[in-house]
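A short write-up of the structure that comes next.
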Amino acid sequence: MWTLFYRNYLVWKQKLVPFAALHIIAPLCLLYGFINAFQSYVPYTTNGTYLDFVTTGLALNAAAIGAMWATTYTSIMKLIYSHYYLSVLATGTSVKEIIAGEILWNAACSTLIGFLVITASFLLRDDIVWTYFATIPILLLTSAATAAMGMFVLSCVYRHGDIMPFEALATALFVFSGVFVQTDIFPEALITIAAIFPLYHGIILIRSLFDSTDTSVILLHTVYLITFFIVMFTVAVHRIKKRLFT
């Protein structure tokens, strides 16, 4: 598992500078636009500012999207086209270790993407909000759960075109999970659907750092994300193993 993680790191570090630039400049533009265009009109309830509200939402969304696409569009090349996973299996690495390594790497990378959004928000402030450093475990947990879901999606698709419907899902989750507005303005049915996926729970957890959220609520959403990860990981390993050996 760690060998796979290190191999991915060696490839990724060659693109570190453009990676960091992209994931700071793009969210900086989004944050600036949201703050100046919407903060007077969008209702929200938090002990922080609207900048805190939208930063936490965009950071979680960036991490979740990064984890999802890395474990689908990137990994489909390894599974189907380059047969990279078969090559790794030949070294004695198990399917479970391969999937775990992919999820671990993509979750770590996506956590960095999410925190770069937060770093970008510092450029719009007069000082650093140290509470934001407590978001790292939440970003990591949400990214890991989403990456596990991505591996499950990978186990179900056979070409790039099969992934496209999930892009529509990602857009819907961006809107209905409370990224930039409170979820209570939407119909309850839409919120119930959004609550199936990790992004919704991650946003509640990350905003609990600024709100007086009950400990029991925090624990509930944490347990949900861990359970979601375990289920998705287990099913993904079973399905991908079946595809590789049949």
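Readers should treat all values here as calculations from the given coordinates under stated rules, not as data from a laboratory. Note that the structure is predicted; figures quoted are calculated from it, not measured. For neighbour counting, all protein chains shown are included, and Cβ atoms are generated from backbone atoms with ideal geometry for every residue, glycine included.
For this structure, a couple of remarks:
- Using the Cβ-Cβ distance between THR91 and THR192 with R0 set to 35 Å, the FRET efficiency works out to roughly 0.20.
- Dividing the helix sum by the residues of the chain, where each DSSP H run of 4 or more adds -39500 (n - 2.57), gives a mean residue ellipticity at 222 nm of -23000 deg cm²/dmol.
- Of the chymotrypsin sites (Phe, Trp or Tyr not before Pro) in the range 130-213, the ones in a loop by DSSP (not H, G, I, E or B) with at most 12 other beta carbons within 10 Å are TYR158.
- Computed label-point distance, nm, for sites ASP214 and VAL231 using a 7 Å Cα→Cβ extension: 2.3 nm
- Residues of the range 140-178 falling in the label zone of ILE80, defined by backbone nitrogen less than 11 Å from a point 7 Å along Cα to beta-carbon, are 154-164.
- Unit charges at the beta carbon, dipole of the chain: most positive-side option, ILE76, THR183, ALA134: ILE76
- Crossing angle, helix 136-156 versus the chain [Cα axis fit, 0-90 degrees, rounded to tens]: 40 degrees
- Within the range 92-191, the ratio Rg/Rh, alpha carbon atoms throughout and Rh by Kirkwood, equals 1.05.
- Extending 7 Å from Cα along the Cβ direction at ILE24 and again at ILE185 yields two label points whose distance is 3.2 nm.
- About its Cα centre, the chain has a charge dipole of approximately 1080 debye under the convention of +1 per Lys or Arg Cβ and -1 per Asp or Glu Cβ, with nothing else charged.
- Considering only alpha-carbon pairs that sit under 8 angstrom and 6 or more positions apart, the relative contact order computed for the chain is 28 percent.
- Using distinct alpha-carbon pairs, which all enter the 1/r mean, Kirkwood radius of the chain in Å: 18.6 Å
- Projected over all directions and averaged, the alpha-carbon convex hull of the range 150-246 occupies 7.3 nm².
- Which listed pairs, of LYS78/LYS242; LYS15/LYS241; LYS15/LYS78, have C-alpha distances above 24 Å, in listed order: LYS15/LYS241
- Against the chain, whose longest principal axis is taken from its Cα atoms, helix 2-12 shows a tilt of about 70°.
- For the range 147-246, the residue among PHE233, THR222, SER212 whose Cα projects farthest onto the positive side of the dipole built from Cβ charges is PHE233.
- Electrostatic dipole magnitude of the range 130-234 [Cβ: Lys, Arg +1; Asp, Glu -1; Cα centre; debye, to 20]: 240 debye
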